[in-house]
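The values are calculated or read from the model by the stated rules, or taken from the named source; none is laboratory data. Everything numeric here is computed off the predicted structure, so don't read it as measured data. Don't worry about glycine lacking a Cβ; one is built from the backbone with ideal geometry, like all the others, and counts go over all protein chains shown. For accessibility, only protein heavy atoms count, side chains too; no ligands or nucleic acids. Shrake-Rupley method; radii C 1.70, N 1.55, O 1.52, S 1.80 Å.
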Amino acid sequence: MGSSASRQTTPPAYQRGVIFPSSSTTTTAKAVWAAAALSVDQALADSIHADPNWRANYADHVLALASQQAASPEAAMAVAESGLQEVYRAFRFARGERDYSLEEAMLLPAEVEFRTKTIQGSGTPGTEQGLMDPATADAWASYGCCEQTVPASLRWVEQLRGEGHLQSLLDSHAFVLLGATSELGPVLPLLDLGATVVAVARPGTKLQGLMTKAKCMAGTLVVPMSPSSEPQDPEQVDSILGCDLITQMPEAVAWLKDVLPERTLVVQHLVYLDGAAHVQASVAMDAIATNVASCRRVAYAYLGSPAMPYPISSEAHADARQRYQNSSLLYTPFRLKSNALGETPAIGPHGEEYTAYLTDGILNFQGPNYALAKTCLLYTSPSPRDS
């Protein structure tokens with residue numbers, strides 16, 4: 001722990017746990033994106049560092065970097081790895097009067113040793129929340145709300161259930177939802193299917209409400225519990241069930257390394273917070289998943305954001321262009337150009353040339369902190385650590 005430093009100033013929200021290295025979130029954000037860009041384009045990295053009006057111009061840089069990533073698998077990996085290396089170099093973990101690197105934080109003595117609270121549901125699969133009917137998903141796909149892969153995936157799940165293979169597949173996995181009470185999370189459909197869900201979320205009424213629902217559903221809910229024994233007073237339950245990923249990152253890792261050791265963990269990052277705290281949570285989730293994956297089998301389930309640039313299929317690109325051309329003039333004030341960008345020359349994994357397509361969903365008013373938080377998770381997605 002010799003390299004530990006005194007506590008540094010950090011933005012509002014969280015000043016314990018995972019913190020920015022300085023009071024300027026802009027400095028950190030530019031450093032991360034510039035490090036990522038440097039792996040493929042020196043000029044782009046220099047322009048990121050030199051931009052005097054980052055808040056107004058960040059979206060252009062993020063989009064340019066996404067185009068560079070789409071050029072080849074090697075470029076995508078280089079950008080992701082370089083960006084994450086800078087994240088791990090820059091961010092700190094504050095505890096007590098000192099702060100530590102993220103790697104050092106994992107060696108800190110635990111402030112609490114989580115126990116496991118298990119809620120076994122009494123329901124029948126498919127009776128409470130349920131998956132969307134594939135026919136409804138077909139209608140959504142036709143309308144443009146989702147791609148055709150969505151109803152196809154739903155039909156695959158229905159086929160597994162019909163053949164009697166779904167439950168055995170669920171029984172060999174546990175779904176670790178980091179931010180399980182997120183409104184966009186899959187906790188209720190998973191519990192309705194009969195899955196085992198490891199719910200990592202902050203203590204409070206939302207987690208208590210989820211536990212209440214789980215009792216009448218088909219699956220099993222597993223929650224971290226902090227005391228050495230359960231309280232006798234029901235009023236104390238809120239304070240002992242749950243885990244704050246930002247401030248209790250090392251404790252979350254220690255618990256997840258041992259929970260349900262016979263199963264493969266399917267980890268999904270779901271926490272959403274305002275401003276700088278969203279970035280801090282994203283960094284914490286990556287560090288947790290990475291450290292857990294170092295000692296047991298882990299798979300990743302990524303929840304994409306429509307407000308970021310990323311590659312899309314040629315079919316989705318053509319459909320988006322067509323829908324934009326046919327859209328009503330009422331939508332013009334909200335989007336002056338199509339989200340579907342032009343063609344990007346690319347090279348495939350076997351050296352074959354092809355055309356890549358990107359969508360640009362960045363909304364400038366969301367700000368660079370949102371984009372940085374989502375970038376951290378995007379960089380985790382293609383990382384070799386997922387394999």
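General observations
- Karplus-based coupling profile of the stretch 288-303, in residue order and whole Hz: 5, 4, 5, 6, 5, 5, 6, 10, 7, 6, 9, 10, 10, 10, 9, 9, with θ = phi - 60° in 6.51 cos²θ - 1.76 cosθ + 1.60 and x standing for Gly or Pro.
- Taking all C-alpha pairs of the chain, those more than 34 Å from each other amount to 34 percent.
- Calculated mean residue ellipticity at 222 nm for the chain: -13000 deg cm²/dmol, from DSSP H runs with n ≥ 4 weighted as -39500 (n - 2.57), summed, divided by the residue count and rounded to 500.
- Projecting the Cα atoms of PRO52, VAL40, GLN85 onto the charge dipole of the stretch 29-112 (Cβ charges, centred on the Cα centre) puts PRO52 farthest toward the positive pole.
- Highest-MSF residue in the chain out of ILE19, ILE312, ILE288 [GNM, Cα springs under 10 Å]: ILE312
- Average accessible surface for the chain: 48 Å² per residue, computed with a 1.4 Å probe over protein heavy atoms with every protein chain in place.
- Full-stretch length increase - GLN167, HIS49 - with 0.36 nm per residue and alpha-carbon distance subtracted: 37.3 nm
- Listed by chain and number, the lysines placed with their C-alpha closer than 27 angstrom to that of LYS30 are LYS337, LYS374; residues fewer than eight positions away on the same chain are left out.
- Using 0.36 nm per residue and subtracting the Cα-Cα separation, the extra length available between ALA307 and CYS145 on full extension is 56.9 nm.
- Within a Gaussian network of the chain (alpha carbon springs, distance under 10 Å), most fluctuating of ALA37, ALA56, ALA76: ALA56
- Percent carbon-and-sulfur accessible area, the stretch 137-198, ignoring ligands, DNA and RNA, probe 1.4 Å: 61 percent
- Where HIS49, HIS317 fall by accessible area, highest first, once all protein chains stay in place (1.4 Å): HIS49, HIS317
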